[in-house]
Amino acid sequence: MAGVGRGAILVVLTALLLTVSTGAQPTVRADGQLPGAPVTSPAVDRFRSTRTYEQVAAPVRLRVPAAQVDTALQRLARNADGTIAVPASTTVAGWYAEGPRPGQRGPAVIVGHVDSVSGPGVFVNLSRLPVGAAIYVDDAEGNTVTFRVTALSHVPKTEFPTDVVYLPTLEPSLRLVTCGGTFDFTAHSYRDNVIVYADPR
């Protein structure tokens, strides 16, 4: 995945429930999830660590001015089948709570919908974020961690580089994930994922 920096990457990926701008009505998969890389995989198991993280308050808000994002953060866990739960609303992003918190060592992961049958989602402008754009994550104690975008990648869901995205890191980093690319009318989902990589400023 070209352009990914050293502050590297553990992206626990879920693809997000989306619609198409032509007005077609996408349908939800029977299990309520969207296509994407599973949370559980051989790569994840291989990279698991027993180390603990330094204490950082839970994130409660995400602000990305260049993408017109200002959203509360929903806490996300995993479903019984190992997939990550998606945000309950298309207008609110979610933080994967089983991973590092933003500001802790390791990549924190935030996911959001790009759109829905009712209109644009919280991450509709994510694919246009420029390198260097600021990302702010506010925590429950009133602190703010500032990140800068280092790279943005469009990854086909069928070619998702699991070994790369689950690579451990000793430095804090942030990953924002949504869907993108063209819409697959058969699968009722977008064909790609958009991943934003960011490191602390």
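Brief remarks follow.
- Just one of (1) surrounded by fewer than 18 Cβ atoms within 10 Å (Cβ to Cβ); (2) modelled with pLDDT of 95 or more fails for Pro42. It is (2).
- Residue within region 52-75 that is of a type in the set (Phe, Trp, Tyr) and modelled with pLDDT of 90 or more present: no
- Every listed requirement among (1) over 14 Å from Ser173 (Cα atoms); (2) in a strand (DSSP E or B); (3) touching a Pro at 6+ places or on another chain (Cβ under 9 Å) is met by Ala108 save one, (1).
- When region 111-142 is filtered for residues that are closer than 20 Å to His188 by Cα and in a loop (DSSP other than H, G, I, E, B), the ones remaining, listed by number, are Gly112, His113, Val114, Val117, Ser118, Gly121, Val122, Phe123, Val124.
Okay, residues lined up against (1) of a type in the set (D, E, K, R); (2) touching a Lys or Arg at 6+ places or on another chain (Cβ under 6 Å):
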position: Gly94; (1), (2): no, no
position: Arg105; (1), (2): yes, no
position: Val109; (1), (2): no, yes
position: Pro130; (1), (2): no, no
position: Asp138; (1), (2): yes, yes
position: Asp199; (1), (2): yes, no
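- For Gly132, the conditions (1) at pLDDT 95 or above; (2) under 18 Å from Val111 (Cβ atoms) are fulfilled apart from (2).
- Residue among Arg175, Arg148 that is more than 15 Å from the chain's Cα centre (by Cα) and assigned to a strand (DSSP E or B): Arg148
- From Gly119, Gly94, Gly112, residue being out of contact with any helix residue (DSSP H, G or I) (no Cβ under 8 Å at 6 or more places or on another chain), of a type in the set (Gly, Ala, Ser) and buried (at least 17 other Cβ atoms within 10 Å of the Cβ): Gly94
- Residue tally, condition assigned to a loop (DSSP other than H, G, I, E, B) and not hydrophobic (A, V, I, L, M, F, W, C), over region 71-102: 12
- Filter pass, Gly181 being out of contact with any Pro (no Cβ under 7 Å at 6 or more places or on another chain), part of a strand (DSSP E or B) and on the phi > 0 side of the Ramachandran plot: yes
- Matching residues, region 184-196, being more than 13 Å from Thr158 (Cα to Cα), surrounded by fewer than 19 Cβ atoms within 10 Å (Cβ to Cβ) and of a type in the set (A, V, I, L, M, F, W, C): Phe185
- Looking across region 127-150, the residues that are farther than 22 Å from Gly180 by Cα and in contact with a Phe, Trp or Tyr (Cβ under 9 Å, 6 or more places away or on another chain) come down to Tyr136, Val137, Thr144, Val145, Thr146, Phe147.
The values are calculated or read from the model by the stated rules, or taken from the named source; none is laboratory data. Computed from a prediction, not measured in an experiment: that's the story for all the values here. Here Cβ is always computed from backbone atoms with ideal geometry, including for glycine, and neighbour counts include all displayed protein chains.
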